[in-house]
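Chemist: Once you've had a glance at the structure underneath, I'll fire off some questions.
The values are calculated or read from the model by the stated rules, or taken from the named source; none is laboratory data. All of these numbers come straight from a predicted model, not from anything done at the bench. Here the Cβ is made from the backbone with ideal geometry for all residues, glycine too, and neighbour counts use every protein chain on show.
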Amino acid sequence: MASDSITERIEVPKLLDEARVRQFVEEGFLVVEGLVSEAEVEELRADIVAIARGAYPCEGIEPAPSDWSDQEVLEGILCIHQPHYISPVMLKYVKHPSICGVLSQITAAHLPWWDGSVKCMQSMLFVKPPQFQGQAWHQDEIYIPTRDRSLIGAWIALDDATIENGCLWVIPGSHKTGYLYPQRAHNNADEFDFAPESYGFDENEQIPVEVKTGTVVFFNGYLLHRSLKNRSNIYRRVLVNHYCNAWSFLPWSLREGETVATADRRCIVPVAGIDPYAWKGYEEPPQRVWLRTCKAAEERRAARTGSR
């Protein structure tokens, strides 16, 4: 391999023992408590509102009116895709040393020759207000393909996640075969949002993953998981960042001159180890994000504004 393929190694702390690493390989998910401090959680919560207020001018976000309270701003947000493109706060948590330390031990632990190198390609903020739907069964690798089954989500709880407010449910071990289940439209619009559901498997082994604020849930891209409707009167905020083995091509999209075999998205953030493809350079992230708003909350706020 050419020497210019190697960048300076990003060192991160190793926090897991071998038993925990084996647990992830076997079950496809791992819960690590206390990785994110209370102060860090507050920083992330505040940045959700700051993004919606237009703190980082970009395409895709119409700043909330200045006379809205933080609560009113929060009520109107369902999700924000790729916030690390515009927010230095969100980028900091993409590269959070403790989170990336865990990632450097488990992301591609199923590959005996893996050296702990990891890159990030996506971030997503989910606010999940009271009474909003969850997402039906799915596997993240359907949306973000890797070459070596190393896609991994780091699900950072910004509130306690409970059965009542719509925590994750997973089927332990469902990642092992590397099979992507077919998808179809579901017929349960009260429980789930518009995303299709995966089907063709036994749901009897599903378990809820209830966690405290500051906990990070790591899960493989082939793991079947879902969340149910938030039936509580509180939010279930979460930042989910997606990563993979830095040695894997990332055939998420085709650029001019690329084939399916050579496609390798370079709008990435190296977070641990080396980037063996540094010689390819990096794509600048577009100053554009997608903020999905809650129409019902927007209508309620509009009515309140009109009555003032």
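Chemist: Looking at the stretch 114-141, which of the residues that are closer than 19 Å to LEU239 by Cβ and aliphatic (A, V, I, L, M) is surrounded by the fewest Cβ atoms within 10 Å (Cβ to Cβ)?
Modeler: Selected residue: MET124.
Chemist: As an exercise: evaluate ALA109 against (1) crowded, with 16+ Cβ neighbours inside 10 Å; (2) touching a strand residue (DSSP E or B) at 6+ places or on another chain (Cβ under 9 Å); (3) under 24 Å from LEU223 (Cα atoms); (4) not hydroxyl-bearing (Ser, Thr, Tyr) and give the number of the one condition it does not meet.
Modeler: Just one mismatch for ALA109, condition (2).
Chemist: Ok, one more. Given the structure, is ARG226 buried (at least 20 other Cβ atoms within 10 Å of the Cβ), of a type in the set (Lys, Arg) and assigned to a strand (DSSP E or B)?
Modeler: Values: buried (at least 20 other Cβ atoms within 10 Å of the Cβ): yes; of a type in the set (Lys, Arg): yes; assigned to a strand (DSSP E or B): yes.
Taking the combined requirement at face value, the residue satisfies it.
Chemist: Quick check on my filter: what residues within the stretch 84-99 are within 17 Å of GLU42 (Cβ to Cβ) and either within 11 Å of the chain's Cα centre (by Cα) or among the charged types (D, E, K, R) (or both)?
Modeler: Within the stretch 84-99, LYS92 is the sole residue that qualifies.
Chemist: Please count how many residues of the stretch 214-254 are over 15 Å from ILE99 (Cβ atoms) and either in contact (Cβ under 8 Å) with a residue 12 or more places away in the chain or among the charged types (D, E, K, R) (or both).
Modeler: Residues meeting the conditions: 27.
Chemist: Kindly list the number of the only condition in (1) surrounded by 17 or more Cβ atoms within 10 Å (Cβ to Cβ); (2) at positive phi that fails for LEU44.
Modeler: (2)
Chemist: Quickly run through the stretch 182-194 and pick out the residues that are among the charged types (D, E, K, R) and assigned to a loop (DSSP other than H, G, I, E, B).
Modeler: Correct list: ASP190, GLU191, ASP193.
Chemist: Output the number of residues of the stretch 163-209 satisfying the condition of being touching an Asp or Glu at 6+ places or on another chain (Cβ under 9 Å) and charged (D, E, K, R).
Modeler: 2
Chemist: Taking the stretch 62-84, which residues are over 21 Å from GLN131 (Cα atoms), touching a residue at least 24 places away in the same chain (Cβ under 8 Å) and crowded, with 20+ Cβ neighbours inside 10 Å?
Modeler: If the condition is that a residue be over 21 Å from GLN131 (Cα atoms), touching a residue at least 24 places away in the same chain (Cβ under 8 Å) and crowded, with 20+ Cβ neighbours inside 10 Å, then GLN82, PRO83, HIS84 are the ones that fit.
Chemist: Show me the strands (runs of 3 or more DSSP E) found entirely inside the stretch 113-181 where at least 1 residues are over 13 Å from the mean Cα position of the chain (by Cα) and more than 27 Å from GLU8 (Cα to Cα).
Modeler: The strands (runs of 3 or more DSSP E) meeting that bar are 168-170.
Chemist: Given the criteria within 30 Å of LEU224 (Cβ to Cβ) and buried (at least 18 other Cβ atoms within 10 Å of the Cβ), does GLY28 qualify?
Modeler: Answer is yes for this residue.
Chemist: Has the stretch 286-294 got any residue that is surrounded by 13 or more Cβ atoms within 10 Å (Cβ to Cβ), within 23 Å of the chain's Cα centre (by Cα), at pLDDT below 95 and of a type in the set (Ser, Thr, Tyr)?
Modeler: Yes - at least one qualifying residue is present in the stretch 286-294.
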